[in-house]
Structure formats: structure tokens, C-alpha cells
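The structure that follows is given in the form of C-alpha cells.
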Amino acid sequence: MVKIPPHFFDHQRDVESQPSAVIVQNETKKSTSNHNLKKLYIKTYGCQMNVYDTQRMSDALAPEGYENVDTPETADMVILNTCHIREKAAEKIYSELGRMRKMIEKKNKPLKDSQKTKPIIAVAGCVAQAEGREIMRRAPVVDMVFGPQSYHKLPEMLGKLAKGQKKVLDTDFPTEDKFEALPEAKPANIISRGVSAFLTIQEGCDKFCTFCVVPYTRGAEYSRSIARILNEAQNLVNAGVREITLLGQNVNAYHGKDDAGNTVSLGGLMAALDKIDRLDRIRYTTSHPNDMDQTLINIHKTQKSAMPYLHLPVQSGSNKILAAMNRRHTRESYIEVIERIKLARPDIALSGDFIIGFPGESDADFDDTMDLIKHVTYSQAYSFKYSPRPGTAAATMDGQIDDEIATKRLHQLQQLLNDQQRQFNQNTIGRTLDILFERKGREAGQLIGRSPYLQPVYVDAPEAFIGQIMPVHIESLGNFALKGTLLD
Ligand code: SF4
């Protein structure tokens, strides 16, 4: 079972991160009763936005007769939904494609030529966007390559292959809205993914942090309209979803239009979503400190459905490094935002991202980061050693840090973050928290749910409670999760 992090990246997360390093997840919702259905296997790498994209690709292919399976061996189509955040991301995809080629050869070996088959192999996501032509050149097994902005065109691309076109490459940033071109997800598919759902409201980024590939792979900032988001949220809730995490590379820069053509911020969208009956919990990720406006902060004070958890990456505690990263905020302005948030919602659980060993990081810069962490205190956080991404400004900067030094600093920092996480969890022991039950636990009669602070909690409870929110008395803390008992 793969752990999905509670949010995605800002934006090197999921590598070398501490406890909840992610990453690979398969979209599985099998029902093999109809033998005419074609089988689809999607392997998802990286962030929650990719998890959401995978789900929407499944939705786009369902009308074409595809159903999901959980292994590639029997699939008629395999999609690798890739992530460019990890170091050597492209090389890992080529290795996976090599395994696919061997799998196909092995399957076909005992067969006569006339019986030989090959699934359609597609590479999607950010590596596809960045290296489309190169993938086609280096991996002949691949039939289709398409970027994150093109998955709504999957039926059209399949049509081209069916008509005899040998390869399909689509890494354009199209002018049409991919979200609006996608079919609505079916209720059965929605609920098979759980009572907590992702909903992408914003994509792309205009900030150009010097370490980050997102502005190049996902393009400029784009916000979906309020009406479309409300419609999708209502659809999710109608299917049984109780919690929605709004996704965006820069989610709090959201600026969608309402029906009257007025621009609405994330705070306005949260207020509109709050009116949906039975949508009990709303989260959002990932945010930039500069876009944390007062309207949004106030929502955490006034709106019950706004969960007391915020992922607000800072990356470094040194102003020198923040400037080199082109973060456009300082250590002081970040702390000022945190103080305003804590004023609005004193119990808020804070999460962050840290990049250690960025070019030019001295011992004093690292000490500034440690000092900032001690000052803010996090309920959990993600930390990584800096590694250069081709095409980004930081990749060619002077002062690249020796790996041994970066590793030592990372361990020191993770020790501090782990201690803070443990302390945060320990502080909830003895409290009664509302838990949203999400799925069955490993032991019989056990369910796993989430606290408002996004902590996993194990509780003995009947399966029928999945999808319900109930008060639980928190009693103990294991390695990664809390344990509690139902109040009644
Ligand atoms: S703000 Fe934009 S450029 Fe900076 S890390 Fe986030 S996605 Fe990347």
C-alpha cells in the first residue's frame, strides 16, 4: 500500500521526504464482469494533482470501454502518469518502459506471429511534457506521449492510433479548457476512490522559483470557474464524498470567475463551497505565503468546514537563500503571515516544505532555517536535499553544496521536524476529536480515519461507519498514527 502525502509539493516533495514519502499509486477499481471491456492500467507518480489527473483520465476513457485493472500484465492500455519533481525522473521512466518492453516480449514469446499482441503504451504527465520527443526516440515501445494539459484528448488520440497512425505526441498547451471537455465522473467511480476526494481548481504557476520545473511543465496560472468547481463538488458529495481537498500548484493564487464575471479569490470559493450540504470538510494545497490574503485567513476563523490544517511551504529560513530561490518573500514576511493565521485559528496545524543544500547555503543560512522551524513549529513537514532540475535557473548557479554536507544538514533538520511532529501528535492524546472514517484498517474490525489536523487515527468501529464523522477519544500514539476509541 502506498502512502499518499496529504498534499502535494512546493515542489520537490515526495523525494527523500520523511515519514510520508509517496509515491507510486495505481488507479484500481476492478469489475471484470463484462469481458468486452478493455483493461486500463495507470501508474501514477508524484503529487496529488497527478492522482487527480489519473482519476480524470480513467473517467475520460470509461466511455471508450476501458475499466481499471491493478497490474499491467493483462492491460490493453498502460499509462505512466509521470512526475518531473524527483531526481532522475526521466531515467526512472525509461527503466519502467524497459520493464514494459520485457513484459510484452515474455507474453508474446510462446505465441505465433498472428497471435502476438501489444498493449498501447502511453507516457503522460510532467516528464512527458518536458521530454516528449526524446521519449518517442529512446523508447520505441511507446505509442503515445501527452502532457498534463492534453488528457481530455485521450479518446481523440486513441482514434488516431485506431486509424493507423503509428505514434501520437501531444505536448501543446491547448487554448481550450481540458476540465470542461472531460465527462463527469460516475458516482460509483467517485465513491470507489473514497470519501475524501481531490478537486483541481487551479493549475500552473507564474512565480518561477529558481529550483522548480512547474512553470515549464504545467504552464501559466489558470483558474477554473466557480460554477464548474461547485458543480464538480456537488457531484462528488452526491456520490458520498464528505471531504474535498482543493488542488492547485499555487492554490491560494486562485482567481476564478463567478457567473457575473467577477473575480473570486480562494476565500470566496471556500465560502461558496461551504453552502453545499454534507460537504463537511474542505482543505486546500499547496499555498504560497504571498497569496495568503486576509479573506482566506478569516475563513479559518469563521467557517467550520475549513479544516485547521495548512501546508505553507517556506523552503528556507535564510533571506539570502530565499532571494536566490526567487521566493519573493522573506523570513520575516513568512512569520508575519503565520502569526496572522495563528491569531485567526490558534489550533491550526502547520505543515511546510524545506529544501536543504540549495546553492550557496552556508552553515549560518542552515542555522537560520533551523531557527525558523523552532519558531514556527510544524505538525508535519517535508524536506529534501536540493537536486538540480535541468532547465531551471538554480541548476547552473555557483556554490553547489557538497552532498555529504547537505545530507548531514538534512538529517539534523529532519530530526527536529520529527520531534515537532511527535510532540504535536502527543498533544492530542486525551482529547476528543471528530474523525472522518475513510477505510478499513489492517486488523479486523478496525477503521482508519483522519482528524481535523489530518492525523491518521485507528479506531475499532464497524465498516458501516465509513463516510461518517464521529467523536473519538484519542488514547495513544504509534509510529505514524494515533489510536482512539469511539465515544459512544
Ligand atoms: S511557487 Fe510556483 S515556481 Fe515556486 S515552487 Fe511553487 S510551483 Fe514552483
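Laboratory data are not the source of any read-out in this text; all were calculated from the coordinates shown. All of these numbers come straight from a predicted model, not from anything done at the bench. Here the Cβ is made from the backbone with ideal geometry for all residues, glycine too, and neighbour counts use every protein chain on show.
For the range 184-307, calculate the relative contact order in percent as a whole number, restricting contacts to Cα pairs under 8 Å that are 6 or more residues apart.
26 percent
As a test, work out the antiparallel percent of DSSP beta bridges whose residues both lie in the chain, rounded to the nearest 5.
Here the antiparallel bridges make up roughly 40 percent for the chain.
Per DSSP H run of n ≥ 4, the term is -39500 (n - 2.57); total these for the chain, divide by its residue number, and report the mean residue ellipticity at 222 nm rounded to 500 deg cm²/dmol.
It lands at -10000 deg cm²/dmol.
In Å and on Cα atoms, what radius of gyration and Dmax does the range 432-486 show?
Over the range 432-486's Cα set, Rg and Dmax evaluate to 9.6, 27 Å.
Pick out, in residue order, every one of the trypsin sites (Lys or Arg not before Pro) in the range 43-115 that is DSSP loop and has at most 15 other C-beta atoms within 10 Å; say none if there are none. Please list the in-between numbers first.
Working: sites: Lys43, Arg56, Arg86, Lys88, Lys92, Arg99, Arg101, Lys102, Lys106, Lys107, Lys112; in loops: Arg86, Lys88, Lys112.
The qualifying sites are Lys88, Lys112.
For the peptides 74-80, 122-128, 262-268, what is the packing order when you average, over each peptide's residues, the other Cβ atoms within 10 Å and list the highest mean first?
The densest-packed peptide leads the list: 122-128, 74-80, 262-268.
Going by how many other beta carbons lie within 10 Å of each one, how would you line up Ser476, Ser318, fewest first?
Ser476, Ser318
How are the C-alpha pair distances of the range 184-307 spread across 5 Å bins, as whole percents from the shortest bin up?
Reading the bins upward from 0: 2, 11, 21, 22, 20, 13, 8, 2, 0.
With +1 on each Lys and Arg Cβ and -1 on each Asp and Glu Cβ, and nothing else charged, work out how big the dipole of the chain is about its Cα centre, in Debye to the nearest 20.
1620 debye
Skipping prolines and chain starts, which residues have an amide H placed within reach, meaning under 5 Å, of the one on Ala306, given they are 5 or more residues away or on another chain?
Placed amide hydrogens put Ile282 under 5 Å from Ala306.
Going by amide H atoms built from the backbone, whose H comes under 5 Å of the H on Leu169, apart from near neighbours?
Those qualifying (amide H under 5 Å, at least 5 residues apart or on another chain) are Val145.
A further question on this structure: Test of understanding: given the chain, find the longest segment containing no GluC sites (Glu not before Pro) that are in a DSSP loop and have at most 14 other Cβ atoms within 10 Å.
185-442
Which Rg and Dmax, in Å, describe the Cα atoms of the range 64-166?
Over the range 64-166's Cα set, Rg and Dmax evaluate to 13.9, 42 Å.
Within the range 173-275, which trypsin sites (Lys or Arg not before Pro) sit in a loop by DSSP and count at most 15 neighbouring Cβ atoms inside 10 Å?
Within the range 173-275, the qualifying trypsin sites (Lys or Arg not before Pro) (loop, at most 15 other Cβ atoms within 10 Å) are Lys275.
Can you tell me the relative contact order of the chain? Whole percent, Cα pairs under 8 Å, sequence separation 6 or more.
Computed over the chain, the figure is 11 percent.
What share of the DSSP beta bridges in the range 184-307 is antiparallel, in percent to the nearest 5?
30 percent
Just for the range 25-170, what percent of DSSP beta bridges are antiparallel, to the closest 5?
10 percent
Now for a different question. Roughly what % of Cα-Cα distances in the range 330-467 sit above 17 Å, to the whole percent? Provide the component values of the computation, followed by the final result.
Values: 6492 of 9453 pairs.
When all Cα pairs of the range 330-467 are counted, 69 percent exceed 17 Å.
Follow-up. Determine ³J(HN,Hα), in whole Hz, for all residues of the range 83-94 in sequence, where each value follows from phi through the Karplus function 6.51 cos²θ - 1.76 cosθ + 1.60 and θ = phi - 60°; x replaces Gly and Pro.
After applying 6.51 cos²θ - 1.76 cosθ + 1.60, I find 10, 9, 6, 6, 5, 6, 4, 5, 4, 5, 5, 5 Hz.
Using only alpha carbons, build the gyration tensor for the chain and give me the equivalent ellipsoid semi-axes, biggest first, whole Å.
35, 28, 23
Starting from the amide H of Ile120, placed 1.01 Å from N in the peptide plane, find each other amide H under 5 Å away whose residue is 5 or more places distant or on another chain.
Placed amide hydrogens put Met77, Val78 under 5 Å from Ile120.
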